[in-house]
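Visitor: Submitted below is the structure of interest, expressed as structure tokens.
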Amino acid sequence: MKVCIIGCGAIGSLFAAHLGKLDDVEVWAYDPYQAHVDAINENGLRLTGKTDLVSKINARSNAQDIPPCDFGIIAAKTLHTQSAMETVAHIFKDGAVCSVQNGVGSEEIIAEYVPRVIQGTTFPAGHITGPGVCNHDTIGVTTIGPFAAKPASQEESDRLAQALTRGGMETTSLADPRGPMWTKVIFNCASNGVGSLTRLPHGIACDQVRSVMSAVAQEGIAVAKALGITLEKNPEDMIDYGREVAYRHKPSMLQDVEAQRPTEVDSLNGGLADIGDKMGIPCPLNRAVALMIKGVEHSWTL
Amino acid sequence: MKEIKRVCVVGAGAIGSLLVGHIGALPGITMTVLTRRESHAKDLNEQGLKVSGKSNLHANVIASTNPEDLGDVDLVILATKTTAVDASMQRLEGHFPTATIMMIQNGLGCENVVRRYGSWPIIAGLTFMSGVRQSDAHVEYELDMPTWIGPWDKEAHSPGYSFIKQVEALINKSGLISKAYEDLRPVQWSKLIFNSAVNAIGAVTDLPHVPCFADTNELSDLGHLVRNMMAEGVSIAKAQGIELSSDPWEMNCKAVTQGGSHGGEEYAHITSMLSDVRHKSYTEVDWITGSIVRAALEVGVPAPYHETLYRLVKGIEKSWSQKQPADH
């Protein structure tokens, strides 16, 4: 089978390199960062840290050079979902695209461009250390399943999960993956949203502003309940667990804020508040966090 | 009634220096200054205080770091930042037994701190004027805006409104602008609610008070949060039985569109809380946003926006002590 990774940043690289180990999978990667693409094609895609491997895959910065594929795995930042899908849609005329992005709202955009969609959520973490090299920071599981509004078949979802698991990225395929996905979305809204505004790493934010994190999480829990989603875990427990295992971890959105990069807040606190509005479950604190992170982004332009 | 002859200004920052330079230049007034630094007192004793800008004045003063050296006074004007009130009052405890203390801090509640250190009658106040300290002995008067004073509402034991009118007259005679109110709370709370939202949201977003604070066209516009937070403040004031003199949201829109007294599109006032955050110095959030949270608790009105913004600013203050490199 042929799989194309859309957005070969840290998460995309983890998926691409692990799948690249398999003889029966042909891995392509689309990424606009030319130096990264060139390094991957010349030396292979290298993982360091928790995983040590070099994987031969085919990277391209021009999506027209990529052949039709059975699967796509989109790992682009959510604010690039629309433009990335526009660029790669032709690759998946008869394919299924799976999102492993943060937050909510990506699947709806992907569904505008491809016939079948898989939604997913992923816990591994990494960071690019140089062209062609990604450090695997955290091992974690991935959960995927058909996206109800424009579903891939269960068989397709299972096949992709099996390939990923064989490649070393433990993945579960469910009929309804929204439970794990929403658990992580709610956790991220609390950890990323509050961390970005206070500039505090996760564990220290737990010590200093836990009541705000909980209030943000509780709004999300109410929305998930209204959507009929059974959360996989209590997000409050995840916040506590994160404090134990990742005390000094800076959430990705805080890293974005510190580097003055546009954030994914529209898919996190903003996306959650939008869904809350539609469901008649107000999320004033998530809205407040989203508006203030937009304010932070605006401050960079002054 | 006692005539005001001897005045002591505690804390000669920009606001304190403006008061010293103006009131101290009046004939018949002996101006004393309690400073923290010996060198500050020495400069003032040797050079007096010069005011430039909107006024051109020079005042001779008696300054010291020890209240014992200043003699009795009729009026103490406490002009320190809220964060320094407690330390200043520790030094004032037991001194100036016949004085009335006039407050001029941002926010609400510093009067309670003063009361812990003595039974002086207290005048509550707030100021809109501003200046820039050029040196220990020179201040530039920038914004010639008023100082509002009135009885402290939590206090049965007030200096009496006629004395407050006398302080108003003294300030006006000196060339500064003052207005006395029999009930200060309507103006105090209007400014408090305005300041609470604009300062806290500005401190968290790193935004000066720019036009987006009044934008509500798009769902993602910051004005929605500013308006909601101010509405929450208004509901708390109402529950406290306070009728506001101005609508804080209108104050906000007016400030960013008409530019306050700066004028025009370049209006981008760096609020005091934003300035503190940028300098990593502790903010006055306990007395501004925090005071509204406490007032909400008193009357049992929910205050999720104020509580959230209060805690976020406290969280930012904590971030300054996190020096260790973070994991990825």
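Visitor: I'm trying to understand the selection: among the residues of the stretch B:86-143, which are part of a strand (DSSP E or B) and aromatic (Phe, Trp, Tyr)?
Guide: Hit for the stretch B:86-143 is B:Tyr141, nothing else.
Visitor: When you go through B:Ser174, B:Ser178, B:Ser162, B:Ser158 one by one, which is the residue that is of a type in the set (S, T, N, Q), more than 24 Å from B:Ser272 (Cα to Cα) and without any contact (Cβ under 8 Å) to a residue 60 or more places away in the chain? Explain how you work it out, then say what you get.
Guide: Values: B:Ser174 fails: without any contact (Cβ under 8 Å) to a residue 60 or more places away in the chain; B:Ser178 fails: more than 24 Å from B:Ser272 (Cα to Cα); B:Ser162 fails: without any contact (Cβ under 8 Å) to a residue 60 or more places away in the chain.
Just a single option satisfies the conditions, and that option is B:Ser158.
Visitor: Kindly indicate whether any position in the stretch A:15-24 is at negative phi and touching a Phe, Trp or Tyr at 6+ places or on another chain (Cβ under 9 Å).
Guide: Yes.
Visitor: Right, next: What residue, of A:Asn102, A:Asn41, A:Asn135, A:Asn58, is among the polar types (S, T, N, Q), free of Cβ contacts under 8 Å to residues at least 24 places away in the same chain and not assigned by TED's automatic domain parsing to the domain that holds A:Val245?
Guide: A:Asn41
Visitor: While we're looking at this one, here's another question. Of the conditions (1) surrounded by 23 or more Cβ atoms within 10 Å (Cβ to Cβ); (2) touching a His at 6+ places or on another chain (Cβ under 8 Å); (3) not in a loop (DSSP other than H, G, I, E, B), B:Ala12 clears all except one; give me its number.
Guide: That leaves (3) as the condition not met.
Visitor: Could you pull out the residue among A:Val289, A:Val212, A:Val265 that is farther than 23 Å from A:Gln101 by Cβ, surrounded by 24 or more Cβ atoms within 10 Å (Cβ to Cβ), within 13 Å of another protein chain (Cβ to nearest Cβ) and at pLDDT 95 or above?
Guide: None of the other options fit; the residue is A:Val212.
Visitor: Does A:Val114 satisfy the condition of being part of a loop (DSSP other than H, G, I, E, B) and more than 13 Å from chain B (Cβ to nearest Cβ)?
Guide: Details: part of a loop (DSSP other than H, G, I, E, B): yes; more than 13 Å from chain B (Cβ to nearest Cβ): yes.
Answer is yes for this residue.
Visitor: In the stretch A:163-178, what residues are part of a helix (DSSP H, G or I) and out of contact with any strand residue (DSSP E or B) (no Cβ under 8 Å at 6 or more places or on another chain)?
Guide: A:Arg166, A:Gly167
Visitor: What number of residues within the stretch B:149-206 satisfy the criterion of being in contact with a Lys or Arg (Cβ under 8 Å, 6 or more places away or on another chain) and either among the hydroxyl-bearing types (Ser, Thr, Tyr) or within 14 Å of chain A (Cβ to nearest Cβ) (or both)?
Guide: 1
Visitor: Can I ask one more? Give just the number: which of (1) more than 8 Å from chain B (Cβ to nearest Cβ); (2) in contact with a strand residue (DSSP E or B) (Cβ under 9 Å, 6 or more places away or on another chain); (3) within 14 Å of A:Ala190 (Cβ to Cβ) does A:Met253 not satisfy?
Guide: (2)
The values are calculated or read from the model by the stated rules, or taken from the named source; none is laboratory data. The shown structure was predicted, so the numbers you read here are calculated from the model rather than taken from an experiment. Positions of Cβ are backbone-derived with ideal geometry, glycine not excepted, and every protein chain shown enters the neighbour counts.
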